[in-house]
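The next block holds one structure in the form of structure tokens; read it before the comments.
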Amino acid sequence: MILLFRHGQTEWNKVLRIQGSGDSPLTALGRAQATAMGVAARTYLAERFPAPGPVTLQISPLGRTRETAARLAAELTRGPGGYTLRHRIDPRLKEMTAGAWEGLDWHKVRATLPADRQQLDVVDLFRTAPGGEGDAGAIPRLRDWLAEHAAVEAPHIVVSHGISGIILRGLYQGLDLAAMFAQDRPQDAFYVLTEGRLERVATEAPAEVAA
């Protein structure tokens, strides 16, 4: 069983800057989202694994996923009924890189493109960024990670990213590229991958938090 999370909202998410291998801290909303993820994950696991036991927490190495994972872990381990976590950092879970466009406003990047490409969304910008790894770089490393973990029965909590997350979900479901990259990238919900099925679990994260 894999519980797959995207990191909470970051400062760059908020102002629409392309992150990739770049990084920025969580916003106040992002921190609240991360805490809500932990609460929801604990509730979900408690209904299926009532006896607390070791849970593997796998994390992308980037700062925003580490910060999210720390807040999530604080909720999972809280109190006498908390879970014991085994932390692992895995670089295969990092976000797709965006090369020369990392750190730039994605609307401004799009405005510099030829007219026939100015309607591309941010996912397509990542996939075609000059100097970025694109599908050819990101999909194989995520496929490699999934091959190791897709059949695990014990719960694995994974904190990754928007595009990396939809690649993992798409590979798990056997989707073609168009369907894979059309999936949502929520920061107020997580996905459970188990027995060949996908389940979306909403959290109670607030819509907005004062800074």
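The values are calculated or read from the model by the stated rules, or taken from the named source; none is laboratory data. On a predicted model such as this, the values are computed, not experimentally measured, just so you know. Backbone-built Cβ (ideal geometry, glycine too); neighbour counts: all protein chains shown. In case anyone asks, the SASA skips ligands and DNA or RNA and just uses the protein heavy atoms, side chains included. Shrake-Rupley method; radii C 1.70, N 1.55, O 1.52, S 1.80 Å.
Give the angle, between 0 and 90 degrees and rounded to the nearest 10, that separates the Cα long axis of helix 134-149 from the longest principal axis of the Cα atoms of the chain. Relative to the chain, helix 134-149 is tipped by roughly 10 degrees. Modelled spin-label separation between ARG117 and ASP105, with each label point placed 7 Å from Cα along the Cα-to-Cβ direction: 2.0 nm. Applying 0.36 nm per residue to the separation of VAL39 and GLU199 and subtracting their alpha-carbon distance, the gain on full extension is 55.9 nm. Cα centroid separation, segment 86-131 to segment 1-20: 13 Å. The 1.4 Å probe gives accessible areas that order GLU75, GLU199, largest first, as GLU199, GLU75. Under 5 Å between amide hydrogens, built in the peptide plane, is the criterion, and for HIS156 it picks out ILE2, LEU3 among residues at least 5 positions away or on other chains. ALA40 sits among other residues whose Cβ lies under 14 Å from its own Cβ, and their net charge, with Lys and Arg +1 and Asp and Glu -1, is +1. What is the distance in Å between the Cα centroid of segment 54-69 and that of segment 181-211? That distance is 16 Å.
Pairs of C-alpha atoms in segment 30-132 farther apart than 22 Å represent 49 percent of all such pairs.
Charge tally for GLU102 (other residues, Cβ to Cβ under 11 Å; Lys, Arg +1; Asp, Glu -1): -1. Considering only beta bridges that DSSP places wholly inside the chain, some 40 percent are antiparallel.
Placing unit charges on each Cβ (+1 for Lys and Arg, -1 for Asp and Glu) gives the chain a dipole about its Cα centre, and among LEU113, ILE89, LEU125 the Cα reaching farthest toward its positive end belongs to ILE89. Could you give the length gained by full extension between SER21 and ALA150, i.e. 0.36 nm per residue of separation minus their alpha carbon distance, to one decimal place? In short, 43.9 nm is gained. Accessible surface calculations at 1.4 Å, restricted to protein heavy atoms, place segment 116-186 at 42 Å² per residue.
Qualifying GluC sites (Glu not before Pro) in segment 120-194, where qualification requires a DSSP coil assignment and no more than 10 other C-beta atoms within 10 Å, comprise GLU153. Neighbours of GLN183, meaning other residues whose beta-carbon lies under 13 angstrom from its beta-carbon, give a summed charge of +1 when Lys and Arg score +1 and Asp and Glu score -1. Considering helices alone, the calculated mean residue ellipticity of the chain at 222 nm is -12000 deg cm²/dmol, with DSSP H runs of length four and up weighted by -39500 (n - 2.57) and normalised per residue.
Residue order by solvent-accessible surface for ILE89, ILE59 is ILE89, ILE59, largest first, with ligands and nucleic acids left out and a 1.4 Å probe. Helix 28-48 versus the longest principal axis of the chain: what angle, 0 to 90°, nearest 10, using Cα atoms? So the inclination is approximately 40 degrees.
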